[in-house]
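Enquirer: The structure's right below; bear with me while I get my questions together.
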Amino acid sequence: MLTGIHLLVTYKCNLECDHCFLYASPRAQGTMTLPQIRHVLEESRKIDSVEWIYFEGGEPLLFYPSLLEGVRLAHDMGFKTGIVTNAYGAISDDDAEAWLRPLAELGIAYLSISDDSFHYGEGDSPARRAVAAAHRLGIPTAPICIEKPFVEALPGEGQAKGSPVIGGGAMFRGRAVEKLTTGLPRKPWDGLTQCPYEDLISPSRVHVDCYGHVHLCQGLSMGNMWQRPLSVLARNYHVDAHPICGPLSNGGPAQLARQYQVSLQGKYVDECHFCFLVRRALVDRFAEYLAPRQVYGLDD
Ligand code: SF4
């Protein structure tokens, strides 16, 4: 049951983090226009179960006027709203309040602020200033902290299945596959038999972008909402009818590779690492469902 629609307002970001699963960067293309934002909100209103609208990126505060207008429209339609940001504009306490006060006045319900070593170093930072300003302004907030991957425990050190536990919180998708997997312990591909993080049978939230893709996981699209309305896509979605989600749901990335004879036998850090590489190998074959190419690090 869909309760949240997350708008990827832009793929552009002022930063270019190693763990970014969307390959966001200052050079990335693809930003939603206000008419597109309006259209997504109108479609969201047709799905009775949707309560939350999130504005994300990339960095959504790069397009501040459109973001404010989007939040205002979503509120007027009765949605709760959230934003995910790296708060880059909070270059002093006063600046932080100036950026956040209009959002507080609009009644923003949640602000997630990326604050970790990928975004900022130790000590004072825009993220920490923004968290403090959000508290002063009464905006519910919490930092998102993702650290470089590290091995928490090796086989035989207590965990049930005897496989290494990797800490840090990074997801091995997108740029993280390229930048963060070197040196980490790996598991055989044929043991990666489930999707551990997304409910592909009954998703509770999807991400939509300016190209119309409705992401169930980054780069795994339910369909294109510029071709078929979001409310229709959501209503008609059935996991077994989806050429990628079906095998993923039935046997994880290993089944996806088997079903489409993707020869990537080897070892991988986790399910997402293997899933991302199998999906990337299938992008040309399933262009409607594995898109946009830029989130696979593929140039057009
Ligand atoms: S296994 Fe694949 S679909 Fe599931 S969360 Fe990981 S990358 Fe996404």
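Enquirer: Which links in Lys148/Lys267; Lys12/Lys148; Lys80/Lys187; Lys12/Lys187 stretch past 30 Å when you go from one Cα to the other?
Expert: Working: Lys148/Lys267 20 Å; Lys12/Lys148 22 Å; Lys80/Lys187 41 Å; Lys12/Lys187 34 Å.
Flagged as over cut-off: Lys80/Lys187; Lys12/Lys187.
Enquirer: With θ set to phi - 60°, apply the Karplus curve 6.51 cos²θ - 1.76 cosθ + 1.60 along the range 20-27 and write out the HN-Hα couplings as whole Hz, x wherever there is a Gly or Pro.
Expert: Per residue, the Karplus-derived 3J(HN,Hα) values read 5, 8, 10, 6, 5, 6, x, 8 Hz.
Enquirer: In terms of modelled amide H atoms, which long-range or inter-chain residues lie less than 5 Å from the amide H of Ile166?
Expert: Glu152
Enquirer: To the nearest 0.05, how large is the calculated FRET efficiency for Met1 and Asp299 if R₀ is 45 Å and r is the Cβ-Cβ distance? Don't jump to the answer; show the numbers that get you there.
Expert: Numbers: r = 37 Å, r/R0 = 0.83.
Approximately 0.75, to the nearest 0.05.
Enquirer: Moving on to the next point. What does the extension gain come out to for Ala98 and Thr193, with contour length at 0.36 nm per residue minus their alpha carbon separation? Walk me through the intermediate numbers first.
Expert: On the way: separation 95, 0.36 × 95 = 34.20 nm, distance 4.83 nm.
Length gained, Ala98 through Thr193: 29.4 nm.
Enquirer: Next question. Quick one: work out the % antiparallel among DSSP beta bridges in the chain, nearest 5.
Expert: Numbers: 11 of 33 bridges.
Approximately 35 percent, going by the DSSP bridge assignments.
Enquirer: Which whole-percent values make up P(r) of the range 15-116 when all C-alpha to C-alpha distances are grouped in 5 Å steps starting at zero?
Expert: 2, 11, 22, 23, 19, 15, 6, 1, 0
Enquirer: Okay, next question. Restricting attention to the range 45-137, which trypsin sites (Lys or Arg not before Pro) occupy a DSSP loop and are surrounded by at most 16 other Cβ atoms within 10 Å?
Expert: Numbers: sites: Arg45, Lys46, Arg72, Lys80, Arg128, Arg129, Arg136; in loops: Lys46.
Taking the range 45-137 and a limit of 16 other Cβ atoms within 10 Å, the loop trypsin sites (Lys or Arg not before Pro) found are Lys46.
Enquirer: Give the percent of DSSP beta bridges with both residues in the range 1-111 that are antiparallel, rounded to the nearest 5. Display every interim value, and only then the final one.
Expert: Working: 1 of 13 bridges.
Counting DSSP beta bridges with both partners in the range 1-111, the antiparallel share is about 10 percent.
Enquirer: Set Lys and Arg Cβ to +1 and Asp and Glu Cβ to -1, take the dipole of the chain about its Cα centre, and tell me which of Pro143, Cys275, Ile47 lies farthest positive.
Expert: Sorting the options by dipole projection puts first Cys275.
Enquirer: Non-local amide H neighbours of Ile144 (under 5 Å, H modeled in plane, Pro and chain starts lacking H): which ones?
Expert: Ile113, Ser114, Asp115
Enquirer: Debye sum, Cα scatterers, the chain, no solvent: what log₁₀ I/I(0) at q = 0.08, 0.13 1/Å?
Expert: Debye curve over Cα of the chain, log10 I(q)/I(0) at q = 0.08, 0.13 Å⁻¹: -0.36, -0.96.
Enquirer: Each label point is 7 Å from the Cα along the Cα-to-Cβ direction; what then is the distance between the points at Asp284 and His135, in nm?
Expert: If labels sit at Asp284 and His135, their model points lie 5.4 nm apart.
Just so you know, all these numbers are worked out from the coordinates, no wet-lab data involved. Computed from a predicted structure; not experimentally measured. Glycine gets a Cβ as well: all are built from the backbone with ideal geometry, and neighbour counts include every protein chain shown.
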